[in-house]
Amino acid sequence: MQSSENSISDDVDLQPYDDGADIWDQVAFTARTIPNGLKKYWKQRFSLFSKFSEGIWMNEQSWYSVTPEIIAKNIAEHIYNNCRPSVVLDAFCGAGGNTIQLALLVDRVVAIEKDPVTIRCAKHNAEIYGVADKIDFIEGDFFEYAPYIEADVVFLSPPWGGPHYLFQDVFDLHAMEPYDLTTIVSASRPISPHIAVYLPRNSNIEQVREPVERYEDQDDDDSTVLISYLHVRGKCKAICAYYGALAVPSSMEYALLPAASADA
Ligand code: MGP
């Protein structure tokens, strides 16, 4: 685990400059090199990262799973406005879309990602947004590190089992691969009851409350869940389930891009 900035001598270079030369072909696509299956995401590149043209890195998996920036900003604001956290854990940080927006608002973000190429993308992208020094990046498995992490809020954007999630009319959260909703929320609760989970827009809403219904010792208020439908240009892209003190409706339920977007 990387230590926070004050606990290690300035002489130790924890994050040497990474020019990514060995992974450029995996993370630095152009209109010509983007694989056919990712072309629809290429058109959305400035929705994913407004600073895309400054050299954002995304590997193939990140292209289809990163949170569009306007949505990541909306979620970060919801978390900040309701909990005023100092430290947020982003348990599956991917290429850094949510981590960056959280780091723009809170003191510290702990960002975990087990894929070595993906976490290099996240670190690089955080540099572009000027927030890398507010983030502790951990390359590893959330479930392994969870017992060692303290945070005020946990944000989870888990794998949904790939882009095929839309093949189901109603997405079964029990069958989410490789981790079902209850498993990830249960692993997060010892860290904080204030949890946000980014989920498919066709999720089975009945199942979203199940992870907190399991705790019989809690007040009724603790089992409240807020579902936020997240839109880009009028189209629902995903939902966010908020638990604990995050389950408070705000006036920012909907994220809308301005009509004149830079996407091409
Ligand atoms: P999408 O599948 O590209 O839907 O994902 P879209 O763009 O509405 O497709 P269309 O064919 O209906 O036009 C929408 C958003 O879901 C993406 O931008 C990601 O933020 C998120 N997303 C998609 N997947 C497959 C994942 C995933 O596996 N994990 C997470 N956390 N987010 C995902």
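Restrict the check to the range 144-155 and report whether at least one residue is within 16 Å of the ligand (Cβ to nearest atom) and modelled with pLDDT of 95 or more. Please lay out each step first, then the result.
Start the filter on the range 144-155 by keeping residues that are within 16 Å of the ligand (Cβ to nearest atom), which leaves 154-155.
From what's left, modelled with pLDDT of 95 or more: 154-155.
Yes; the residues of the range 144-155 include at least one that is within 16 Å of the ligand (Cβ to nearest atom) and modelled with pLDDT of 95 or more.
List the residue pairs whose Cβ atoms are under 6 Å apart, where the first residue sits in the range 161-178 and is without any contact (Cβ under 8 Å) to a residue 24 or more places away in the chain, the second is surrounded by 13 or more Cβ atoms within 10 Å (Cβ to Cβ), and the two are 6 or more positions apart or on different chains.
Partner pairs satisfying both residue conditions: 177/161.
Considering (1) away from the ligand (no atom under 14 Å from the Cβ); (2) open to solvent by less than 10 Å² (accessible area, probe 1.4 Å), say which one residue 118 fails and leave the rest.
(1)
Which of the residues belonging to the range 165-186 are among the hydrophobic types (A, V, I, L, M, F, W, C), touching a Phe, Trp or Tyr at 6+ places or on another chain (Cβ under 7 Å) and farther than 11 Å from residue 197 by Cβ?
171
Among the residues of the range 132-151, write down those that are in a loop (DSSP other than H, G, I, E, B) and open to solvent by less than 50 Å² (accessible area, probe 1.4 Å).
Looking only at the range 132-151, we keep the residues that are in a loop (DSSP other than H, G, I, E, B), and these are 140-141, 149-151.
Those that are in a loop (DSSP other than H, G, I, E, B) and open to solvent by less than 50 Å² (accessible area, probe 1.4 Å): 140, 141, 149, 151.
So, in the range 85-111, how many residues would count as being buried (at least 24 other Cβ atoms within 10 Å of the Cβ) and among the acidic types (Asp, Glu)?
Selection size over the range 85-111: 1.
Which residues, counting only those in the range 158-196, are open to solvent by less than 20 Å² (accessible area, probe 1.4 Å), touching a helix residue (DSSP H, G or I) at 6+ places or on another chain (Cβ under 6 Å) and either within 13 Å of the ligand (Cβ to nearest atom) or under 17 Å from residue 238 (Cα atoms) (or both)? Outline the logic, then answer.
Just the residues of the range 158-196 that are open to solvent by less than 20 Å² (accessible area, probe 1.4 Å), to begin with: 158, 171, 173, 176, 181, 184-185, 188, 192, 195-196.
Those still in the list that are touching a helix residue (DSSP H, G or I) at 6+ places or on another chain (Cβ under 6 Å) too: 158, 171, 173, 181, 185, 195-196.
If the condition is that a residue be open to solvent by less than 20 Å² (accessible area, probe 1.4 Å), touching a helix residue (DSSP H, G or I) at 6+ places or on another chain (Cβ under 6 Å) and either within 13 Å of the ligand (Cβ to nearest atom) or under 17 Å from residue 238 (Cα atoms) (or both), then 158, 171, 173, 181, 195, 196 are the ones that fit.
Take the range 21-53 and flag every residue that is open to solvent by 20 Å² or more (accessible area, probe 1.4 Å), within 21 Å of residue 113 (Cβ to Cβ) and either at pLDDT 95 or above or of a type in the set (Asp, Glu) (or both). Lay out the reasoning, then the answer.
Our first condition is that a residue be open to solvent by 20 Å² or more (accessible area, probe 1.4 Å); within the range 21-53, this holds for 21-22, 24-26, 28-33, 35-37, 39-46, 50-53.
With the extra rule that they be within 21 Å of residue 113 (Cβ to Cβ), the set shrinks to 21-22, 24-26, 28-29, 41, 45, 51-52.
22, 25, 41, 45, 51, 52, listed by residue number.
Tally time: how many residues in the range 55-84 are open to solvent by 40 Å² or more (accessible area, probe 1.4 Å), within 14 Å of the ligand (Cβ to nearest atom) and closer than 22 Å to residue 247 by Cα?
2
Hey, can you tell me all the residues within the range 46-71 that are under 21 Å from residue 166 (Cα atoms) and in contact with a helix residue (DSSP H, G or I) (Cβ under 8 Å, 6 or more places away or on another chain)?
Keep residues of the range 46-71 that are under 21 Å from residue 166 (Cα atoms), which gives 47-48, 60-68, 71.
47, 48, 60, 61, 62, 63, 64, 66, 67, 68 - these are the residues of the range 46-71 that are under 21 Å from residue 166 (Cα atoms) and in contact with a helix residue (DSSP H, G or I) (Cβ under 8 Å, 6 or more places away or on another chain).
The values are calculated or read from the model by the stated rules, or taken from the named source; none is laboratory data. Quick caveat: nothing in here was measured; it's all calculated off a predicted structure. A quick note on method: Cβ atoms are made from the backbone with ideal geometry, for glycine too, and the neighbour counts reach across all protein chains shown. The accessibility values were calculated without ligands, DNA or RNA, using every heavy atom of the protein model including side chains. Shrake-Rupley method; radii C 1.70, N 1.55, O 1.52, S 1.80 Å.
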